[in-house]
Amino acid sequence: MLKAIILIGGPQKGTRFRPLSFEVPKPLFPVAGVPMLQHHIEACAQVPDMKEIILIGFYQPNDELNRFISSAQQEFKIPIRYLQEFAALGTGGGIYHFRDQILSGGPAAFFLMNADVCSEFPLQEMLRFHRQHGENHCGVLLGTTANRTQSLNYGCIVENHETNEVLHFVEKPSTFVSDIINCGIYLFTPDIFGHIGTVFQRNQQERIQEELTNGKQMPEVIRLEQDIFTTLAGQKKLFVYKTQYFWSQIKSAGSAIYASRLYLKQYHQTHPERLATNQDGTPKIIGDVYIHPTANIDPSAVLGPNVSIGKGVTIGGGVGVRESIVLHGAVLQDHCCVLNSIVGWDSTVGKWARVEGTPSDPNPNDPYAKIDSETLFRDGGLTPSITILGCNVNIPSEVIIRNSIVLPHKDLNRSFQNQIIL
C-alpha cells in the first residue's frame, strides 16, 4: 500500500507569482489548461496500489480548493484530503506534524512532492528503483542534471556512480559541488520519521534554551534539505534516481509559460484530445495549443505555438496569440496581438493593441539548462520578463504594453513599458 503527499505551501510573502496569486492559490493556477496540482494528482493516481493523496499546506480552506479536491476525487477515483498546517512548518515539519495521518493504514512507502514543480513524474520508475535497492534505506530522491552554473541555485547531490547512493547533499552551495540537482520529488519509507523526530527533539531543546535566554520564540521549521538529507547522506540511507525526462520549477509567472509548453508537448502522448487541430471554420493552429471547449474564437485568429486558452474566453478576428496563457473570461478584441504574456481573468485587450513580454526560457543550446529564478529588479529597473495582466484589467485600443506587470482592476489609457502599474 502506498500514499502520496503533495506540499502546496501557502500565501506567498514574495512577489514572484503575483498578481496572479491574488485571485487563486498558486497550486490551482492553470498550466496547460488544468490546475498545476492536477498534473501531480494524475501521476499519483496511475501508480498501482495508491490508496490516498494528502495535500499539506497553510492556505485557509476555501471554496476553490474544496471544489478542486471534490472534482479531482471524482475524476481520478482516489481519496484526496487537505491537512492545514497552523503555520509554515517547512518541508519536513509539515509531514512530521501529520505523521499519524500519513502512517494510518500502514503504508509501505509514500511519495512526497512539492506542488511548484512540473515534471513527467516518473513515480513508477522510482518505485521499481526503490524496491531494487532493498529494505535498509529510507528514501529515494529524484535527481536531474543541470549545468555547472545553475546547479548552485538548487540542492546538489553527490552520488556513488555504481550504487546510486547519496554520498553528500548541499542545499544551494556557494561553489560547485555536483551537476545532479534535487527535483523536490521523493519516495520515503516510514523510517524517515525517526530521523525527522531526532531533529525535532534537538530543535525543541534549542527553542526552549533560546526562549529562556533571549525571550525569543524560534519557529518550528524542519527542512528536509538542510536538516535531514545533509545528515543522512553517506549512511546508505538515501539513494538518487536520475530522470532523463523534463523537469522545471514553477517559481515565477514566466516559468508557468515554460511549464505550459512542456505539458502541452507531453499531451501528444498522454492527452492528444486536449490539443487543438486545424479544421475548416476554426482558427489557425501553429504547434501545441489548448483551447477550452467553451471559448469563442473567430476563425481568422492565429494561435500558437504554446498557447493555452481558458474557459469562456472571447477572441476576435485577426488576433494573434503566441507563447501565452489567456485565463477564463478574458476578451481579446479584433486584430490585437498577445506575445509571451499572461492575460488575467476577465481582462480585455482592445482592438489593434499589442501586449508583449520577454521570454525567460532556458538556453536552448544547452541540454542541461534550467529556467533562471529571475529577480524582479536588476540594475535599478524592472527585469525584462513576460507581461502579466491581473484580473479585470482593461487595455485600450491601439496601445503597446511591453514587459510590464499590471495589478488587478486597472483601466489603462496609454502605452507602458518596463513598469509595474499599481
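Does F239 satisfy the criteria of being open to solvent by less than 30 Å² (accessible area, probe 1.4 Å), touching a Cys at 6+ places or on another chain (Cβ under 9 Å), at pLDDT 95 or above and aromatic (F, W, Y)?
The answer is no for F239.
Only one of these is over 23 Å from the mean Cα position of the chain (by Cα) and in the same structural domain as L7 (by the TED database): I192, I157. Name it.
Selected residue: I192, the only one of I192, I157 that is over 23 Å from the mean Cα position of the chain (by Cα) and in the same structural domain as L7 (by the TED database).
Kindly list the number of the only condition in (1) part of a loop (DSSP other than H, G, I, E, B); (2) open to solvent by less than 30 Å² (accessible area, probe 1.4 Å); (3) not aromatic (F, W, Y) that fails for G143.
Answer for G143: the failing condition is (1).
Can you tell which of A301, A276 is more than 20 Å from H39 (Cβ to Cβ), of a type outside the set (S, T, Y) and not assigned by the TED database to the domain that holds H40?
When all the criteria are applied, what remains is A301.
Mind listing just one residue for me: the one in segment 149-165 that is part of a helix (DSSP H, G or I) and of a type outside the set (A, V, I, L, M, F, W, C) and, of those, most open to solvent (accessible area, probe 1.4 Å)?
Across segment 149-165, the extreme among qualifying residues is N153.
Got a sec? Which strands (runs of 3 or more DSSP E) wholly within segment 306-422 have at least 1 residues that are in contact (Cβ under 8 Å) with a residue 24 or more places away in the chain, open to solvent by less than 40 Å² (accessible area, probe 1.4 Å) and in contact with a strand residue (DSSP E or B) (Cβ under 6 Å, 6 or more places away or on another chain)?
307-309, 324-326, 341-343, 354-356, 387-389, 400-402
Among the listed residues D288, D298, identify the single one that is charged (D, E, K, R) and surrounded by fewer than 16 Cβ atoms within 10 Å (Cβ to Cβ).
It is D298.
Has segment 21-40 got any residue that is farther than 23 Å from V343 by Cα and either open to solvent by less than 10 Å² (accessible area, probe 1.4 Å) or of a type in the set (V, I, T) (or both)?
yes
Which residue is least open to solvent (accessible area, probe 1.4 Å), if the candidates are limited to segment 171-193 and must be assigned to a loop (DSSP other than H, G, I, E, B) and among the acidic types (D, E)?
The residue in question is D179.
Only one of these is hydrophobic (A, V, I, L, M, F, W, C), under 18 Å from F111 (Cα atoms) and touching a strand residue (DSSP E or B) at 6+ places or on another chain (Cβ under 6 Å): C156, C183. Name it.
C183
Looking at Q266, Q279 in this structure, which one is farther than 26 Å from N392 by Cα, open to solvent by 10 Å² or more (accessible area, probe 1.4 Å) and in contact (Cβ under 8 Å) with a residue 40 or more places away in the chain?
One residue alone meets the criteria, Q266.
Quick check on my filter: what residues within segment 212-269 are in contact with a strand residue (DSSP E or B) (Cβ under 8 Å, 6 or more places away or on another chain), of a type in the set (S, T, Y) and not in a helix (DSSP H, G or I)?
Residues satisfying the conditions are Y241, T243, Y245, S248.
Quick check on segment 211-221. Is at least one of its residues open to solvent by less than 60 Å² (accessible area, probe 1.4 Å), in the same structural domain as R131 (by the TED database) and in contact with a helix residue (DSSP H, G or I) (Cβ under 9 Å, 6 or more places away or on another chain)?
yes
Could you please tell me which pairs satisfy a Cβ distance under 7 Å, a separation of 6+ or placement on different chains, a first residue in segment 28-53 that is at positive phi and touching a residue at least 24 places away in the same chain (Cβ under 8 Å), and a second residue that is small (G, A, S) and crowded, with 22+ Cβ neighbours inside 10 Å?
A32/S260; A32/S308; G33/S308
Does H168 count as open to solvent by 70 Å² or more (accessible area, probe 1.4 Å) and either in contact (Cβ under 8 Å) with a residue 24 or more places away in the chain or farther than 19 Å from G94 by Cα (or both)?
When the stated conditions are applied, H168 passes them.
For the subset of segment 126-136 comprising residues that are under 30 Å from M36 (Cα atoms) and in contact with a strand residue (DSSP E or B) (Cβ under 7 Å, 6 or more places away or on another chain), which member is surrounded by the most Cβ atoms within 10 Å (Cβ to Cβ)?
Here the residue is M126.
The values are calculated or read from the model by the stated rules, or taken from the named source; none is laboratory data. For clarity, every value in this text was computed on a predicted model and none was experimentally measured. Cβ: placed from backbone, ideal geometry, glycine included. Neighbour counts: every protein chain shown. Only protein heavy atoms, including side chains, enter the accessible area calculation; ligands, DNA and RNA are left aside. Shrake-Rupley method; radii C 1.70, N 1.55, O 1.52, S 1.80 Å.
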